[in-house]
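Working notes, beginning with the structure itself.
The values are calculated or read from the model by the stated rules, or taken from the named source; none is laboratory data. Predicted model only: the values in this text are computed from it and were never measured. Because the Cβ atoms are built from the backbone with ideal geometry, glycine has one as well, and the counts that use them run over all protein chains shown.
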Amino acid sequence: MMGSKQIHLIGAGSLGLQAADILLAAGQQGEILAYDDNTSLHSSELLPGVFIQGGIDLVGKLDPGSMVAIAIADTAVRQRIYSNLRQKGYKFPNVVHPAAVISKFAHIGFGNIIFPGVVIDPAATVGNFVVLNKNSSVGHNAILEDFITITPNCTLTCPVDSGVFIGMGARLLPGSRVGENSIIGAGAVVNKPIPANVIAIGVPAKIKEKGMIK
Ligand SMILES: CC(C)(COP(=O)(O)OP(=O)(O)OC[C@H]1O[C@@H](n2cnc3c(N)ncnc32)[C@H](O)[C@@H]1OP(=O)(O)O)[C@@H](O)C(=O)NCCC(=O)NCCS
């Protein structure tokens, strides 16, 4: 349940739109102020009553204790924005839709955005600044590190290292793992460990030729 305090939302693209919607669904009563570097969006409304104030640099000028949510799907950009703000004394709440089911025995960090239909099992771990999109499930043996983007309808039952992007409908079987900053293609079935910094696709998932991420 969100509160009456103002919240500053970084990102007014599709993830920002959805995060604003989740905040409102979760009972946010304080103002939601959005920020985006796309100047064509400035002064427009993201959702009724949610105005785009200006560029992301404005967020760095807020008072300590301000509540900030980072709704940027690109894992590296999300990470960079946080590292610029981490010393400012801000609070990074979890933005959780009321239709997500999170076990009280799951371990959840901060700054996460959790969509409707997400299920997180007891003993599962979700780090910080993870985006868990709709209808994805996090099994009891999953350990998600930080700055991960999980798109809709994924099934996760293994460790996932920081900075990973998982395409729609991917399934990560027990005993596998996804290494740092790798990308798993939509529909992939991961049944063995995938190293860091690669793109893996298919059933079963294989490293895509010329798929190394710089
Ligand atoms: C895996 C992915 C990142 C690869 O992107 P890319 O490097 O730009 O790859 P390309 O589109 O150039 O495709 C290269 C080849 O891989 C194939 N391919 C791409 N994605 C694939 C996938 N998910 N599964 C199987 N094959 C795939 C293409 O058909 C193409 O094959 P070809 O060389 O025989 O023609 C991307 O296709 C993907 O799956 N992204 C996830 C998208 C998503 O889920 N977004 C979430 C929105 S909420």
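When the residues of the range 139-163 are filtered to those that are β-branched (Val, Ile, Thr) and part of a loop (DSSP other than H, G, I, E, B), the one that is farthest from the ligand (Cβ to nearest atom) is Thr157.
Here Phe147 fits the description: surrounded by 21 or more Cβ atoms within 10 Å (Cβ to Cβ) and among the aromatic types (Phe, Trp, Tyr). Give me the pairs, please: first residue somewhere in the range 177-196 and at positive phi, second residue anywhere and modelled with pLDDT of 95 or more and within 12 Å of the ligand (Cβ to nearest atom), beta-carbon distance under 6 Å, and either six or more positions apart or on two chains. Pairs found: Gly187/Gly169.
Out of the residues in the range 1-50 meeting the condition of being surrounded by fewer than 17 Cβ atoms within 10 Å (Cβ to Cβ) and closer than 21 Å to Ser83 by Cα, tell me which one is nearest to the ligand (Cβ to nearest atom). Here the answer is Gly13.
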